[in-house]
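The values are calculated or read from the model by the stated rules, or taken from the named source; none is laboratory data. Remember, predicted model here, so these are calculated numbers, not experimental data. Using ideal geometry, Cβ is built from the backbone for each residue, glycine included, and neighbour counts are taken over all protein chains shown.
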Amino acid sequence: MALKKESFEALKNYIPEGSFDLVMPMILHYKVHLVVTRERQTKLGDYRRAHYGKNHRITVNGNLNRYSFLVTLVHELAHLLAFEHHGNRIAPHGREWKNTYGMLLKDFLATNIFPMDIKHQLLSSMHNPAASSCAEDGLVRVLRNYDAPEIRKPIVEELAIGQKFIIRDGRMFERGEKLRKRIKCFELPLRRTFLFSPMYQVETIL
């Protein structure tokens, strides 16, 4: 669903109370084509810079809870502002983007928009944020607390060692031990070894 200027009020249904007046001036000023998409396993949001007469384009997964949606939207707006200020010769998640993201977050953290557990995680990661809005395990854990029970999916770190699970493409795995930052899992029946993010969502547990 693309949110056009005359229907931007619909954005209020996706973000926490009090955040609309902070994000809308940026969206309108930079003429952002904002699209709410279906769930994507590999990313929560995306930014495409304006080119060939087309506006800046930001997409955000529509199945996210309000706090996850806002964090993702701010992440992508930081890409837009970094591009506007520095051009396209900067690294996608380099120093310029990190500084821009941190400055944007300050405005939101100065309010009571976020619960304290989310606010604490954002403050701890603000000076060196991850490249993906879904790549910081601590932040993802607290954001998951606000998912509706009916859409909350189990993640690999919640499984017991030896428990079997199925991922989206239908392959079956068995959970193994946790290494430093990843969890060793074995694809069945061949028992080939793969390393999973602890926060990787699984479709079905057997």
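Is region 58-71 home to any residue that is farther than 23 Å from Ala91 by Cβ, of a type in the set (D, E, K, R) and modelled with pLDDT under 95? Explain how you work it out, then say what you get.
Keep residues of region 58-71 that are farther than 23 Å from Ala91 by Cβ, which gives 61-70.
Add one more test, that the residue is of a type in the set (D, E, K, R), and what stays is 66.
Pick out the ones that are also modelled with pLDDT under 95 and you get none.
Taking every residue of region 58-71 in turn, none turns out to be farther than 23 Å from Ala91 by Cβ, of a type in the set (D, E, K, R) and modelled with pLDDT under 95.
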*So is Arg141 within 16 Å of the chain's Cα centre (by Cα) and assigned to a loop (DSSP other than H, G, I, E, B) or not?*
no
*asked:* Being in the same structural domain as Ala10 (by TED's automatic domain parsing), surrounded by fewer than 16 Cβ atoms within 10 Å (Cβ to Cβ), under 14 Å from the mean Cα position of the chain (by Cα) and closer than 27 Å to Val142 by Cα is true for just one of Gly94, Gly62. Which residue is that?
replied: Gly62
_Among the candidates Tyr47, Tyr67, residue that is within 30 Å of Glu203 (Cβ to Cβ), touching a residue at least 12 places away in the same chain (Cβ under 8 Å) and out of contact with any Pro (no Cβ under 8 Å at 6 or more places or on another chain)_ = Tyr47
_Given the condition in contact (Cβ under 8 Å) with a residue 12 or more places away in the chain and assigned to a loop (DSSP other than H, G, I, E, B), answer yes or no: does some residue in region 75-87 qualify?_
no
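Can you name the strands (runs of 3 or more DSSP E) wholly within region 166-206 that have at least 1 residues being small (Gly, Ala, Ser) and modelled with pLDDT of 95 or more?
Once the strands (runs of 3 or more DSSP E) in region 166-206 are filtered for at least 1 residues that are small (Gly, Ala, Ser) and modelled with pLDDT of 95 or more, what remains is 172-178.
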